[in-house]
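Input: a single structure, listed below in structure tokens.
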């Protein structure tokens, strides 16, 4: 019997799932993200608000769509965002 490794911290899976989706897909609305992650709207909204507070996602106020910021690129490059200022 094969067992799947289950992430012990569910919220991290959801946070990274949202980041991966937005990085691959580009800007998307709340319901589209919720469907892609198989989460309800309120849970998805809280995840996105957290990612906005941390600077990883931004919301376009006109379209209402969410998109990943360049903060991930700074992490991937090994540089800090403050070093670029």
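The values are calculated or read from the model by the stated rules, or taken from the named source; none is laboratory data. Note that this is a predicted model, so its numbers are computed, not measured. Because the Cβ atoms are built from the backbone with ideal geometry, glycine has one as well, and the counts that use them run over all protein chains shown.
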Among the helices (runs of 4 or more DSSP H) contained in region 1-55, which hold 2 or more residues that are touching a strand residue (DSSP E or B) at 6+ places or on another chain (Cβ under 7 Å) and closer than 12 Å to residue 68 by Cα?
10-25, 41-53
So which pairs qualify, if the first residue must be in region 56-70 and farther than 11 Å from residue 33 by Cβ, the second must be modelled with pLDDT under 95 and not in a loop (DSSP other than H, G, I, E, B), the Cβ gap must be under 8 Å, and the two must be at least 6 apart or on different chains?
56/71; 56/72; 68/23
Can you say whether residue 82 is part of a helix (DSSP H, G or I) and modelled with pLDDT of 90 or more, as far as the supplied structure shows?
no
Exposed (fewer than 13 other Cβ atoms within 10 Å of the Cβ) and within 19 Å of residue 75 (Cα to Cα) - does that describe any residue in region 27-50?
no
